[in-house]
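Rule-based calculations on the coordinates, nothing more; no lab input. Fair warning: this is a prediction, and the values are worked out from it, not measured in the lab. Cβ sites come from the backbone with ideal geometry, for glycine too, and all protein chains shown count toward neighbours.
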Amino acid sequence: MSGNSILPNEEKSLWTFFSGVQLHFTIGHNVSFCVVGDTMVLPDKFSTKYESVIAFGKAVEVSGGEKNEALLAFIDKYSSQYIEKGKEYIKNAGEKTKVIKICIEHITGKARR
């Protein structure tokens, strides 16, 4: 899995996946994660419609069962028709992938609609 993606879980935390990238923060420190939703340029208003949210919290690297659970959730969300193949992929490449959980402390959002 290259790049990164995000999946919310029930514990007010986010799982973020990294593979083949260098992490530029220290585990356990404060981090933020921004997601921008629908956007549309409004040329006649010299502006943009948008919606965005920023989650703030602490970064924690997960391992073992929690890491496997996160990777399986990723496969289920994006490749649900290939669960068994995904499990094999995790088995072969899981050690090369970092899973960072952001324990959310607060969230802000804004939009222009």
Highest mean first, what order results for 52-58, 82-88, 106-112 on Cβ atoms within 10 Å? 52-58, 82-88, 106-112
Enumerate the whole-percent occupancy of each 10 Å bin, from 0 to the last occupied one, for all C-alpha pair distances of region 42-101. 18, 34, 20, 15, 11, 1
How would you rank 42-48, 72-78, highest first, on the average number of other Cβ atoms within 10 Å across their residues? 72-78, 42-48
Net length gained if the chain between Lys58 and Ile83 were fully extended (0.36 nm per residue, minus Cα distance): 6.0 nm
Which residues does a label at Cys34 reach in region 75-113, if reach means a backbone N under 20 Å from a point 7 Å past the Cα toward the Cβ? 102-113
